[in-house]
Every structure is written in structure tokens, then in C-alpha cells.
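Each remark here refers to the structure printed beneath this line.
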2 protein chains.
Amino acid sequence: MEKKMSSSVVTKVLYENLRNFLKDKKRIPHIVDISIGDDFGGEMYAKMKKKRIESETGIGFQSVHFSDIELGSLINYIIDLNKNEEVDGIMLQLPLPGELHQFERMILDFIDPSKDVDGLTSASLGNLASGKDGFVACTSLGIETLLKSYDVRLDGSLVGIINRTNVVGKPLAEILLRDNATPIIMHSHTRHLSDVTKNCDILVAALNRREKITSEYVKDGAVVIDVGVHKNEEGKTVGDVLYDDVYPKASLITPPTGAVGPMTICMLAYNATKSCYGSPVNELLDEGIEEAKKLILK
Amino acid sequence: MEKKMSSSVVTKVLYENLRNFLKDKKRIPHIVDISIGDDFGGEMYAKMKKKRIESETGIGFQSVHFSDIELGSLINYIIDLNKNEEVDGIMLQLPLPGELHQFERMILDFIDPSKDVDGLTSASLGNLASGKDGFVACTSLGIETLLKSYDVRLDGSLVGIINRTNVVGKPLAEILLRDNATPIIMHSHTRHLSDVTKNCDILVAALNRREKITSEYVKDGAVVIDVGVHKNEEGKTVGDVLYDDVYPKASLITPPTGAVGPMTICMLAYNATKSCYGSPVNELLDEGIEEAKKLILK
């Protein structure tokens, strides 16, 4: 088996299964993705998400951009989306700019938890912690799905996660605990970072520091997942991991592109479908993972 | 400074502050503690809680025991307590017996989050994860309070937590992350447990295995918190930590009694008061910690 973990086989299977699931359905999910502010840097990514999700699944992805919006208007806009029966998923791109920033948590929590396809509301985080079924942040779910598809042993494994946000690190720790892994949640205050990381069977780098994770940080034979996305001086996309340096030491490693990003988008499609069709979509995902695993291990 | 971490100085200060806070208040908090089943083993502990809280603070602690109760009746009983303006805190002792066990999560989530002094509802867990103010499980809060009172450095420290429940391990990891610690959440599936624990600056043993944690599991100079409570063959109370063996290696260590248990009860009194009087009670706790710290470091 190749060392490089790519999302391509996994997403191919998962999108195909989703298309099959949706093909005889009367109702196709619809996502509304809200972004605010002229400095919003995620436009490229939003376009990519839209293109990928729509072309792969037929799920509707509507990008709504406000260059500026007042708190009250934004909340009313969200409430209208909550009520709108045509809308299954509501996403709000963070960080919010200017005055809105300080109210981020309160604004997010106006999103109806049943439409919270990003899994960021307090209610979704609570359901995750308490073991209720609900929405899990797409990046975390994508990483777990990728690991399972590559048949990486999670049970009993020490998993280092360098990120403590609700978008990546904490929900990932929660779902990996369900898989009987032992998560360590690291961050900028962690002392002797490499001493900790080099004990980890699996290392998830989402520290947002360009090529910071060198081979010194990595245990021999570790599985390395790179969540970071940066451009280097030559304009090439690189990650939080110094890929060529870590590659020889890792047993499996994701490249800077074509792994976590596409997995995240694919999970958004699954979450939106789950918003429409409920828990059978969990089983659809599990089945897809099993199929992908067979293809990858072949 | 002595190596033995005891709750006595801390709870003395915290109860005194709470009495002062409550003395000119018209309304004194009232807790209802529900236990179910004839095999319920926590009766002794419930009595101790009642006695301690009532004598130290004047807060009302009402134990309600059902030898058996139907699901619907239990839920109605909880709903009545939710509506009852005389009741500030509702606790439900787990595990629930028999048929009720499988509905534990759903039953817990009937507790009004504003009265959830045990911090166990999905809503409370969600507020904790999302950074909203709310109730945190008393044992976790008690451990954090004890560590802070003994001026243990949390920022940057590696904290091993051997427990992944919502009662101890996971909420503890959440609040320690706020303190900039690096939590590792361990459990029965963790491979090479002692290899992991002996790297930890702080070790919280809540694995519920009598005197399992020997000096081999402990880093030199580590702070060791023992949550376990067991009786040994001679009827003596012992913990998850083999105290005499670990003592020489630790820089601070809690004894099997007189530390985590009393801290937990004290935090329940604070949570019940917070249910009545809101976030100023957080500040009251912080002030108490600072006072206790001065006395302990003296």
C-alpha cells in the first residue's frame, strides 16, 4: 500500500453512494453558506465547495455574501433560514468581522441545530459530548472517515491533535474517543511540543504554522494528517507538515492538498443529506467507508 | 509546603465565603437529589453531601429516593421540579437501574439546564464546549479548584486524565484547556498506559481500579489527583493510587479521602448558588481560590 493518504478513492465512493441515495428522492438538500465582510478570505474555498458539492451530488449550495450587515439583520436572516423549509443546512463563515466578532457564539447559536451542518452550535457540541446523534464538524468527521478508510487502528492508539478549536480539535477528540482512541489536545501553550507529538501513533497537525512539523516531531511509523493550508514563497500549496521531511518516517501521510480539504467538503454533503434524511445517512457513510477500505487495501 | 493536597483549607475558605454571600440574601438555594433503585449504592455519599452542604452553607438539600419508578412518572417528576420556583438544583444519581438505564441520556436532558447543577445535560456540556457560561460537573470543577488553590501550574502542562466520562474526564479536559493545559484523555483501551502517564506533569486517576496507579505510572515531581474511592481488605478507604508508593515521587498528591470528595460537594454548593444568583458566583469562587492559595502557600 502507498504511504500517501489521498481522499480520492474515499470521496469517489462516498459521492457515488450519496448520488445513488438521492437519485430517487423527491427532495434534494439545500445548503446556504453565509460569509460577511470584504476581507473575507474564504471566497475561493467557498466556490470550490459549491462546485464540488453541486457537481458530485446535485445538492444545492447557495453562497450568500454580505459586505456588511448589522447584528439584528444577520440574526433575522438566520431566523428566516431556520423557518425556510427549502433550506436544510445553514453555515456561517468564521471569523466574523468587526463588531460582529464579539457576538460570534451567540449568533452561531441562532442557527437551528437541526440545520447546523457545520456542527458548531452549542447544541450540536452538547449532543456530541453527550453521545446523542447530531452534526459533527466536517473537518473532524472527514479526518475520522479518512483514517477509517485507510484502516488505521484507532482503538487504543495515542492521537496527538494540535488544535483546540470547535472546528477541528475538540470535536475530533470527541469522535476519536468513541473509537476508543486516546486523544491529546495540544495548542500554542503546550510545552515541549515535539516531546509530546513524537509519542503519538497518529498526529493531526492543525496548528496553522507553515511546515512547522518536521520529522523531529514524528514517531517512526506514525500516521500523519495535515490540516494546514499555506502558500510558500514559490506560490506552491504546502501544509503545517514539512511533507518531504516527514514522509520517510510516516507509515501514512496526507499531502498538503487532496486529502483533508476534499474530505471536509464531502462530509458537508453527508451532513446536509443527514439534515434531510436523518440517521440512515450515518449508515450510508459507514457503508461507504467499508467499500473505500476494500478498494484501498486491495 | 507539605506534599499532601487536602481540601480542608480550600473548602474552609470557600464555605465561609459562600455563607457570607448568602447571609443577607432572602433566597437560599435548594437542591433536590433523586436516586432510584434498591441497589443504589450512593446512599452514604448522599447523606454526607446533605449533611455537609446544609451545615456549612444552609443550602437546602433534599434527597428523594424511589425504590422503583416508571419512565413517565420520573419525567413528570423532573418536569414538576423544573417548574417549581423553590427548586434551584436538580440532580439525578446515575447509573439508573433496570429499564430506565437505556433512557439515561434522554431522562437527564429533561432537567432544565438552568437547574442542572451536576452539569450533565447535553445543554450544559454544549455550553462548556462552546465557551458559554454554565454548569460544570462538580468533580471536574473541584479538581480544577484544588489545583489552582495549590498554585499548580496549568498553563502548558501535560495533564493525564484517566477517565472519559461526562462526570469527570471530558469536562475536566474542557476546563483545563481554558487554563491552557494540554489534556490527554485515557481509558481502558489506552495501550501502554504507564508509558503515557509517566510523561504527565499532572495525573488525574479516575479509572476506578483499586490502587492501580503505582510509582511506575508517575513522573518524578508530578502532581497526582486521586478520584477513586475503594475499601481494601482491612476496610480502610483507599483510592485508585497506591498512595504510599507514589507519595515519594509526587510533588503534590491527594490522599484517598479528604480531597476530591469534599471538593466535589463544595462545588455543588457553588453550582446551586450560581443557579440562584448567576455569574457573580463565578467571581466568588475565583476570589476564594485566591484566598485559599495565600493560606496554603504561606
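Before we move on, is B:Val224 at pLDDT 95 or above and within 26 Å of A:Asn180 (Cα to Cα)? Here the answer is yes, as B:Val224 does meet what is asked. Of all residues in the range B:274-282, none satisfies being β-branched (Val, Ile, Thr), over 15 Å from the mean Cα position of the chain (by Cα), over 30 Å from B:Lys23 (Cβ atoms) and at pLDDT 95 or above. With respect to A:Glu56, is the statement that it is over 18 Å from A:Leu108 (Cα atoms) and modelled with pLDDT of 95 or more true? When the stated conditions are applied, A:Glu56 passes them. Return the residues of the range A:123-158 that are open to solvent by less than 10 Å² (accessible area, probe 1.4 Å) and of a type in the set (Ser, Thr, Tyr); say none if nothing qualifies. Of everything in the range A:123-158, those that are open to solvent by less than 10 Å² (accessible area, probe 1.4 Å) and of a type in the set (Ser, Thr, Tyr) turn out to be A:Ser124, A:Ser140, A:Thr145, A:Ser149, A:Ser157. Does B:Asp109 satisfy the criteria of being touching a residue at least 24 places away in the same chain (Cβ under 8 Å), open to solvent by 20 Å² or more (accessible area, probe 1.4 Å) and within 10 Å of chain A (Cβ to nearest Cβ)? No, not satisfied. Candidates are the residues of the range A:271-298 that are closer than 17 Å to A:Ser8 by Cβ and not hydrophobic (A, V, I, L, M, F, W, C); the one that is most open to solvent (accessible area, probe 1.4 Å) is A:Lys298. Of the numbered criteria (1) more than 14 Å from chain B (Cβ to nearest Cβ); (2) buried (at least 19 other Cβ atoms within 10 Å of the Cβ); (3) touching a strand residue (DSSP E or B) at 6+ places or on another chain (Cβ under 9 Å), the one A:Lys231 fails is (2). Looking across the range B:174-185, the residues that are more than 7 Å from every other protein chain (Cβ to nearest Cβ) and part of a helix (DSSP H, G or I) come down to B:Glu174, B:Ile175, B:Leu176, B:Arg178. Comparison of A:Leu120, A:Leu128, A:Leu147 shows that the only residue that is farther than 30 Å from B:Gly119 by Cβ and either within 14 Å of another protein chain (Cβ to nearest Cβ) or not charged (D, E, K, R) (or both) is A:Leu147.
Taken across the range B:266-274, residues that are assigned to a loop (DSSP other than H, G, I, E, B) and of a type outside the set (A, V, I, L, M) do not occur at all.
Could you tell me how many of the residues in the range B:116-161 are of a type in the set (Val, Ile, Thr) and in a strand (DSSP E or B)?
So the count comes out to 2.
For B:Asn180, the conditions (1) on the phi > 0 side of the Ramachandran plot; (2) buried (at least 23 other Cβ atoms within 10 Å of the Cβ) all hold with the exception of (2). Based on this model, can you work out whether B:Arg164 counts as facing chain A (nearest Cβ under 9 Å), open to solvent by 20 Å² or more (accessible area, probe 1.4 Å) and in a helix (DSSP H, G or I)? The answer is no for B:Arg164. Once the range B:186-217 is narrowed to residues that are open to solvent by less than 10 Å² (accessible area, probe 1.4 Å) and in contact with a Leu (Cβ under 9 Å, 6 or more places away or on another chain), the residue that is farthest from the other protein chains (Cβ to nearest Cβ) is B:Ile213. Here's a check for you: in the range B:8-45, which residue that is assigned to a helix (DSSP H, G or I) and more than 30 Å from B:Leu295 (Cα to Cα) is most open to solvent (accessible area, probe 1.4 Å)? Applying the filter and picking the extreme gives B:Met44.
Assess whether B:Asp118 counts as being touching a Lys or Arg at 6+ places or on another chain (Cβ under 6 Å) and acidic (Asp, Glu). In short, no.
If only one of B:Leu100, B:Leu120 is surrounded by 23 or more Cβ atoms within 10 Å (Cβ to Cβ) and not assigned by TED's automatic domain parsing to the domain that holds B:Ile162, which one is it?
Among B:Leu100, B:Leu120, only B:Leu120 is surrounded by 23 or more Cβ atoms within 10 Å (Cβ to Cβ) and not assigned by TED's automatic domain parsing to the domain that holds B:Ile162.
Can you tell me which residue in the range A:56-87 is farthest from A:Gly98 (Cα to Cα), limited to those that are in a loop (DSSP other than H, G, I, E, B) and open to solvent by less than 50 Å² (accessible area, probe 1.4 Å)? The extreme case among them is A:Gly58. Within the range B:201-222, restricting attention to residues that are in a loop (DSSP other than H, G, I, E, B) and of a type in the set (Gly, Ala, Ser), which residue is farthest from B:Gly235 (Cα to Cα)? Restricting to residues being in a loop (DSSP other than H, G, I, E, B) and of a type in the set (Gly, Ala, Ser), the top hit is B:Gly221.
The values are calculated or read from the model by the stated rules, or taken from the named source; none is laboratory data. Quick caveat: nothing in here was measured; it's all calculated off a predicted structure. Reconstructed Cβ throughout: ideal geometry from the backbone, glycine too, with neighbour counts over all protein chains shown. Remember, those area values only see protein heavy atoms, side chains included, never the ligands or the DNA or RNA. Shrake-Rupley method; radii C 1.70, N 1.55, O 1.52, S 1.80 Å.
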